[in-house]
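For reference, the structure is listed below as structure tokens.
The values are calculated or read from the model by the stated rules, or taken from the named source; none is laboratory data. Remember, it's a predicted structure, so these values are computed and weren't measured experimentally. Don't worry about glycine lacking a Cβ; one is built from the backbone with ideal geometry, like all the others, and counts go over all protein chains shown. Accessible surface areas use protein heavy atoms only, side chains included; no ligands, DNA or RNA. Shrake-Rupley method; radii C 1.70, N 1.55, O 1.52, S 1.80 Å.
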Amino acid sequence: MSLTKAEKAIILSMWGKISTQADAIGTQALERLFASYPQTKTYFPHFDLRPGSAHLRTHGAKVAAALGDAVKSIDNIAGALSKLSEMHAYVLRVDPVNFKLLSHCLLVTVASHFPADFTADAHTAWDKFLSIVSCVLTEKYR
Amino acid sequence: MVLSAADKSNVKACWGKIGSHAGEYGAEALERTFCSFPTTKTYFPHFDLSHGSAQVKAHGQKVADALTQAVAHMDDLPTAMSALSDLHAYKLRVDPVNFKFLSHCLLVTLACHHPAEFTPAVHASLDKFFSAVSTVLTSKYR
């Protein structure tokens, strides 16, 4: 599965808007994740996960920054996220199923912030993009 | 996820041992799939799915033959399975989740018939191989 030219264009243009609120979006996606799928909290025993916590805001910003890196290198996401990929494989070991859950929450968050832009085509483009990012982050597990 | 040299050699060795039983195991894996995961029957409304059905036997042979091809071309699965990939994308449209069910049942079938060969390492290699095949067969869906 790869992104078509049209899909890349959608992602790049939407990222322009998203990046102005990237941190908030990353944070909200995590809040949604922990609220809807409490089992995901298992990876953050060391965090204060209450909404509005500094930990959540910092981590949300990190997630958003990584996605920004992937967007900037949309033709070589594997290269851009190589270190993160290793971290997930050897240190974090987040079960792959959770990437789908976070991706879902990111889509919901982006949709709620940019409803006019989040057409069916945009939804597909973002879902494919996040799938590719998830694949890259889990490809070194075994 | 990349198949290591050890993975490829495990898969080739195991598949070699199976030899002419491949069709029989393919049919058994299908039967197990329909039994344990009845939703999968939805893709075969035109089949007799009862135990010993000739249609399931024939289809098991098809599945086995495709896998035998895949084993022979592990270095370039996308090319070797391109036609089957098109078939699944444009015609069959089997929901990707079902590939995991069939892969699981294939592994169980192999474990039952070749317990000595089915060491943890061989199990892991086969699971990676079936994952890789499943990825190729669903790669053109969107």
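A few notes on this one:
- Counting only Cα atoms, chain B measures 40, 35, 22 Å along its principal axes, largest extent leading.
- Top of B:F99, B:F44, B:F118 by mean-square fluctuation, Gaussian network on chain B, Cα under 10 Å: B:F44
- Highest-MSF residue in chain B out of B:S85, B:S131, B:S36 [GNM, Cα springs under 10 Å]: B:S36
- Chain-alone versus full-assembly comparison, segment B:1-22, residues with accessible loss of at least 20 Å² (1.4 Å probe): B:M1
- In chain B, a dipole from Cβ-located charges (positive for Lys and Arg, negative for Asp and Glu) runs towards its positive end, and of B:P115, B:S9, B:P96 it is B:P96 whose Cα lies farthest in that direction.
- Violating pairs (Cα-Cα greater than 32 angstrom) within the set A:K83/B:K62; B:K8/B:K62; A:K5/B:K41; A:K72/B:K140: A:K83/B:K62; A:K5/B:K41
- Evaluated with a Cβ-only charge set (Lys, Arg +1; Asp, Glu -1), chain A carries a dipole of roughly 220 debye about its Cα centre, given to the nearest 20.
- Buried surface between chains A and B: roughly 700 Å² of accessible area, summed over both sides, computed with a 1.4 Å probe on protein heavy atoms only.
- Using C-alpha pairs under 8 Å with a sequence gap of at least 6, the mean separation divided by the residue count of chain A gives a relative contact order of 34 percent.
- A simple charge model with +1 on the Cβ of Lys and Arg, -1 on the Cβ of Asp and Glu and nothing else charged puts the dipole of segment B:5-138 at about 120 debye relative to its Cα centre.
- Here the contact order of segment B:1-135, divided by its residue count and restricted to Cα pairs under 8 Å and six or more residues apart, works out to 39 percent.
- Debye log10 I(q)/I(0) for the protein assembly as shown, one point scatterer per Cα, at q = 0.16 Å⁻¹: -1.26
- Cα gyration tensor, segment A:3-74 - rounded (a/c under 1.5), prolate or oblate: prolate
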